[in-house]
1. Can you give me the ranges of the helices (runs of 4 or more DSSP H) entirely in the stretch 158-273 with at least 1 residues that are in contact with a Gly (Cβ under 7 Å, 6 or more places away or on another chain) and polar (S, T, N, Q)?
2. Using the structure shown, decide if ALA385 is part of a helix (DSSP H, G or I), at pLDDT below 80 and of a type outside the set (Val, Ile, Thr).
3. Considering LEU207, LEU186, which residue is in contact with a helix residue (DSSP H, G or I) (Cβ under 6 Å, 6 or more places away or on another chain) and either in contact (Cβ under 8 Å) with a residue 60 or more places away in the chain or over 30 Å from THR58 (Cβ atoms) (or both)?
4. As an exercise: evaluate ALA270 against (1) open to solvent by 50 Å² or more (accessible area, probe 1.4 Å); (2) under 16 Å from the mean Cα position of the chain (by Cα) and give the number of the one condition it does not meet.
5. Residues that are open to solvent by 40 Å² or more (accessible area, probe 1.4 Å), among the polar types (S, T, N, Q) and within 19 Å of GLU199 (Cβ to Cβ): does the stretch 50-73 have at least one?
6. Could you look through the stretch 150-175, keep only residues that are within 19 Å of LEU186 (Cβ to Cβ) and open to solvent by less than 100 Å² (accessible area, probe 1.4 Å), and pick out the one that is nearest to the chain's Cα centre (by Cα)?
7. Listed residues HIS319, HIS340; which is under 15 Å from the mean Cα position of the chain (by Cα) and either among the charged types (D, E, K, R) or not in a helix (DSSP H, G or I) (or both)?
8. Is the stretch 286-304 home to any residue that is part of a loop (DSSP other than H, G, I, E, B) and open to solvent by 60 Å² or more (accessible area, probe 1.4 Å)?
Amino acid sequence: RSKSALLSHRRSGLLAAAAMAVRTARQTNGISLGAGCRVALLYGAVLATLLATAALLTPGPGGPEAAAARVPGAALKSIVRQTSTWLHAWAPLASMPQAERLQLLIEENQWKNSLVMWMLPEPLVQALSPLAQSWLRCWILCAAVYFIVGGLWAWYAYACFGDVLFKPNAIPSMGYIWEQIKVSNLSMPLYSLLPACTEYAAENGWLLAYPRVDNVGLPMYAVFFILYLASVEFGVYWMHRGLHDVKVGYKLLHFIHHKYNKENSMSPFAGLAFHPVDGMLQAIPYTWSLIYCPMHFLTHEILLFATGIWTTNIHDNIHGKVWPIMGAGYHTIHHTTYKHNYGHYFTFVDGMFGTLISPEELEAEMAAEATGTAGSGSSSPLKTASVAAVSTSATLQAAAADVQVHLTSRGKAIKGQ
């Protein structure tokens, strides 16, 4: 019994230590640098291993025998040969030459341009290069997604169900909304350069983009889709977190978006209200992942433009409670504490690096603070953010008082003259 009690005591001690480590990580903006590097290296190694395995099995011109020839051992060759044979049955266009694939990408991009170019005078369209046409089309479609989705979202959330979904005075004013629309539209022309340049790179064969699902088959399409999203999630997390942790990046770029740091200042129209370089940096993992991860190109572009809908969603302050989705409830916390929930679509990367906190966990900490049951030496994210806000307010008030004193003395001096 004493041995059992000792083991139970040790287990409870380990659990308490783990809980304290998680809480400390939250208060210090994640796990330590050394631990973070180890997690990042492990994540990269797993992703690289899975990509290499998928590339080995992907149907190609050489067929199953070519795949089997690249591995040692008779048993392993047999497994690879059988798996590759099954995958080839799903990919009737696996042997398509590279030149034909690139031509299909060019024709597909021309078709996408035609969806918009018909609205412009024919002489103007003829005068524009294919790259310029792609850029203009991406700009127009980006604006259409922004205004249509944002307008419908705001109408539904505020006009139809505002009294149900929001507390009093929690709906943003038109002043904030108009400012977000202005910032977004000033940045859209530069945002649109990224997909246009990505199309140009794909057409020239610089990326691992393929034009038809049948080039790899449906099973490998699904595998590469998952690996591509895993790469994008990791890249977006660190790009976003870097714009916070690198002070120059935050001061010059990201602070423009974080002006909206209260529930009644965030709206669906804040989703694209970034400095243009900031917005491109957070989207560029969609492009660099194509350098090492094969991806159906049209799917890639749909995912990229879907971020316009996603950012609309996560800035409406409505907590959807759909685990493991990094929804609006999580992102509202990010805008108020500044050091949690950097992720894109999912919560798992924040969980790995100790920066995840759910709305339910934050509510529990708020309740603990209110009832005085929180640890005496601890400080919740909410309390930390509140102290910072009070400190900033006090600083601004003191500065305003100094300015008032200066203006008063200056006025007296002028009057005496």
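1. Per the criteria, 174-191.
2. Yes; evaluated as a whole, the condition is true for this residue.
3. Of LEU207, LEU186, the one residue that is in contact with a helix residue (DSSP H, G or I) (Cβ under 6 Å, 6 or more places away or on another chain) and either in contact (Cβ under 8 Å) with a residue 60 or more places away in the chain or over 30 Å from THR58 (Cβ atoms) (or both) is LEU207.
4. (1)
5. Scanning the stretch 50-73, I find no residue that is open to solvent by 40 Å² or more (accessible area, probe 1.4 Å), among the polar types (S, T, N, Q) and within 19 Å of GLU199 (Cβ to Cβ), so the answer is no.
6. GLY150
7. HIS340
8. no
The values are calculated or read from the model by the stated rules, or taken from the named source; none is laboratory data. All values reported here derive from a predicted model rather than from experimental measurement. Don't worry about glycine lacking a Cβ; one is built from the backbone with ideal geometry, like all the others, and counts go over all protein chains shown. In case anyone asks, the SASA skips ligands and DNA or RNA and just uses the protein heavy atoms, side chains included. Shrake-Rupley method; radii C 1.70, N 1.55, O 1.52, S 1.80 Å.
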